[in-house]
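Colleague: Below is one structure. I have some questions about it.
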Amino acid sequence: MSRPPAATGSGARRTRCPRCGIPVLRQLVGRRAALDVTADDAELSAAAAEALHHPNRLHWCLRATRDGPDMRWADCRRRPETCPHPHVIDHECTAPPDPVRPAMPRRARTTPVSDGQLTL
């Protein structure tokens, strides 16, 4: 059985976080219900990434492909040997949150027709 072809440009692209400005990798990971992953650009060993891992911060196995870096689900814990690939971990932005703008007061609508007239 052959594998379906990968989407064009399916690898990770290097960019900067719009809030804090540090380099990150962005990629849609998965074939069906893809996750939009933003990970720190710093490469870690599998053990170092596992130490930073928690339920809301995942780590990803970074593979080199002909199209560039490709993030894959890190299932290295299941294998007895250590993973030879570098790992990256989800980005946790350290920038302050965007300021909340106060809501504009709503003005009462005036009807453009006289009382007793129906509008459609």
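Colleague: Looking only at region 85-102, how many residues end up being open to solvent by less than 40 Å² (accessible area, probe 1.4 Å) and part of a loop (DSSP other than H, G, I, E, B)?
Modeller: In the first step, residues of region 85-102 are kept if they are open to solvent by less than 40 Å² (accessible area, probe 1.4 Å); the result is 87-91, 95.
Add one more test, that the residue is part of a loop (DSSP other than H, G, I, E, B), and what stays is 91, 95.
Total satisfying the criteria: 2.
Colleague: Can you name the strands (runs of 3 or more DSSP E) wholly within region 19-84 that have at least 3 residues being among the polar types (S, T, N, Q) and either open to solvent by 50 Å² or more (accessible area, probe 1.4 Å) or out of contact with any Pro (no Cβ under 9 Å at 6 or more places or on another chain) (or both)? It would help to see each step written out before you state the result.
Modeller: On the way: elements: 23-29, 35-40, 59-65, 68-73.
Counting at least 3 such residues, we get no strands (runs of 3 or more DSSP E) at all.
Colleague: Check region 75-93 and report whether any residue there is more than 18 Å from residue 25 (Cα to Cα), hydrophobic (A, V, I, L, M, F, W, C) and touching a strand residue (DSSP E or B) at 6+ places or on another chain (Cβ under 9 Å). Even if it seems obvious, please write down each step before you answer.
Modeller: Of region 75-93, the ones more than 18 Å from residue 25 (Cα to Cα) are 75-84.
Within this subset, residues satisfying the condition of being hydrophobic (A, V, I, L, M, F, W, C) are 76, 83.
From what is left, the residues that are touching a strand residue (DSSP E or B) at 6+ places or on another chain (Cβ under 9 Å) are 76, 83.
Within region 75-93, one or more residues are more than 18 Å from residue 25 (Cα to Cα), hydrophobic (A, V, I, L, M, F, W, C) and touching a strand residue (DSSP E or B) at 6+ places or on another chain (Cβ under 9 Å).
The values are calculated or read from the model by the stated rules, or taken from the named source; none is laboratory data. Everything numeric here is computed off the predicted structure, so don't read it as measured data. Virtual Cβ from ideal backbone geometry, glycine too; neighbours counted across all protein chains shown. Side chains are part of the model used for accessible areas, which takes the heavy atoms of the whole protein and leaves out ligands, DNA and RNA. Shrake-Rupley method; radii C 1.70, N 1.55, O 1.52, S 1.80 Å.
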